[in-house]
1. Would you pick out the residues in segment 122-144 that are within 14 Å of G203 (Cα to Cα) and not aliphatic (A, V, I, L, M)?
2. Return only the number of the condition from (1) buried (at least 19 other Cβ atoms within 10 Å of the Cβ); (2) in contact with a Phe, Trp or Tyr (Cβ under 6 Å, 6 or more places away or on another chain); (3) not basic (K, R) that L217 does not satisfy.
3. May I ask you to list the residues in segment 26-45 that are surrounded by 17 or more Cβ atoms within 10 Å (Cβ to Cβ) and of a type in the set (G, A, S)?
4. Suppose the filter is surrounded by fewer than 24 Cβ atoms within 10 Å (Cβ to Cβ) and either of a type outside the set (D, E, K, R) or without any contact (Cβ under 8 Å) to a residue 12 or more places away in the chain (or both); does D198 pass it?
5. Of all residues in segment 53-81, how many are closer than 23 Å to V238 by Cα and out of contact with any strand residue (DSSP E or B) (no Cβ under 8 Å at 6 or more places or on another chain)?
6. I'd like to verify a number: residues in segment 118-177 that are hydroxyl-bearing (S, T, Y) and over 19 Å from L77 (Cα atoms), how many?
7. Which condition from (1) modelled with pLDDT of 95 or more; (2) over 23 Å from A201 (Cβ atoms); (3) surrounded by fewer than 21 Cβ atoms within 10 Å (Cβ to Cβ) is the one that A119 breaks?
8. Considering only segment 35-50, state which residues are polar (S, T, N, Q) and over 21 Å from V66 (Cα atoms).
Amino acid sequence: MSDERQTRQQSIAARRSKVRQLDLAPPAAPLHGFLERLPHQLAADSLRALTQAIAEAHRRGRPVIVLMGAHVIKVGLTPVLIDLLRRGIVTAVGSNGATLVHDSELALFGHTSEDVESALAEGTFGMTRETHEFVNGAINAGAAEGLGLGAAVGKALAEADAPYAEHSLLAQSWRLGRPLTAHVAIGTDILHMHPTADGAAIGAGSLRDFHCLTNRLGDLGDGGVLLNVGSAVIMPEVALKAFALLRARGVDLSGFTSADLDMIRHYRPTQQIVRRVQALGGQGYAITGHHEIMIPLLAGCVLAEIAADPAG
């Protein structure tokens with residue numbers, strides 16, 4: 001039974017945030033010659049193979065799909081991903097509910113990421129009024145239009161002319177017509193703590209996004225690439241169920257490349273993104289490193305590889 005007592009709310013203008021627009025990285029620059037200077041060993045060979053797979057997928061018009069956790073946004077990488085979307089190198093993105101929160105806060109207010117420890121003790125964690133009103137409002141309106149969660153919030157940010165929408169992965173995906181899906185476990189996001197949250201709308205939007213992403217993953221065979229960046233549970237599990245559904249439909253997924261990129265190795269990404277991909281006829285890699293270094297590095301290597309080929 002829910003507790004209907006009034007909860008304390010605060011304005012985001014008064015909230016301490018750890019991440020600001022000024023912290024964001026610029027788009028990646030081509031790193032010509034970098035890969036050639038690495039040894040032919042271990043992770044260096046994995047980075048080399050992944051770079052070539054992404055560049056080749058781009059040349060052949062094959063999908064490159066990024067699954068990600070919200071930490072990628074919190075360490076300032078949205079401009080890097082948006083640039084790859086604009087270039088048509090990344091063709092789709094799948095993420096979680098926290099992405100809706102942090103991307104929207106950055107787009108609307110220019111800062112995000114609470115100090116959880118102090119806010120929890122003060123009774124203010126997750127109690128930012130503007131965040132839940134905007135994002136839950138967008139989800140509810142999108143449900144009425146038959147939109148998935150990612151499209152609903154991306155559309156709302158674009159239509160609201162958010163001050164920092166240029167660096168919003170959600171808004172730019174919507175404007176570019178690139179699918180960005182959001183996959184939610186109810187109770188895991190601060191959005192779900194408020195009366196503006198509509199479980200039916202959240203569930204319907206997340207289910208639409210699951211089917212949208214599944215259809216995109218169905219095109220990975222014969223040269224596509226799948227990256228999992230910083231999602232330890234939600235996105236690897238979504239990918240596994242999507243793969244299971246596709247195979248039950250008889251879809252051939254053989255010949256694609258996948259990679260898990262994270263700061264530490266986790267069980268589910270290792271199983272679902274690296275090892276079980278091989279059972280589908282693909283090749284999986286695991287490359288360990290901090291996102292704020294590895295993603296611009298990978299993007300720079302890919303841009304250099306594409307530029308090196310006149311047909312790229």
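The values are calculated or read from the model by the stated rules, or taken from the named source; none is laboratory data. What you see is a predicted model, and the numbers here were worked out from it, not measured in a lab. No Cβ is skipped: glycine too gets one built from the backbone with ideal geometry, and neighbour counts run over all protein chains shown.
1. Hits for segment 122-144 are N136, N140, G142.
2. (2)
3. Across segment 26-45, the qualifying residue is only A28.
4. On the way: surrounded by fewer than 24 Cβ atoms within 10 Å (Cβ to Cβ): yes; either of a type outside the set (D, E, K, R) or without any contact (Cβ under 8 Å) to a residue 12 or more places away in the chain (or both): no.
Criteria not met by D198.
5. Here the count works out to 3.
6. Our first condition is that a residue be hydroxyl-bearing (S, T, Y); within segment 118-177, this holds for 118, 124, 128, 131, 164, 168, 173.
Still in the list and also over 19 Å from L77 (Cα atoms): 118, 124, 128, 131.
So the count comes out to 4.
7. Only one criterion in (1) modelled with pLDDT of 95 or more; (2) over 23 Å from A201 (Cβ atoms); (3) surrounded by fewer than 21 Cβ atoms within 10 Å (Cβ to Cβ) is unmet by A119, namely (1).
8. Looking only at segment 35-50, we keep the residues that are polar (S, T, N, Q), and these are 41, 46.
Selection gives Q41 alone.
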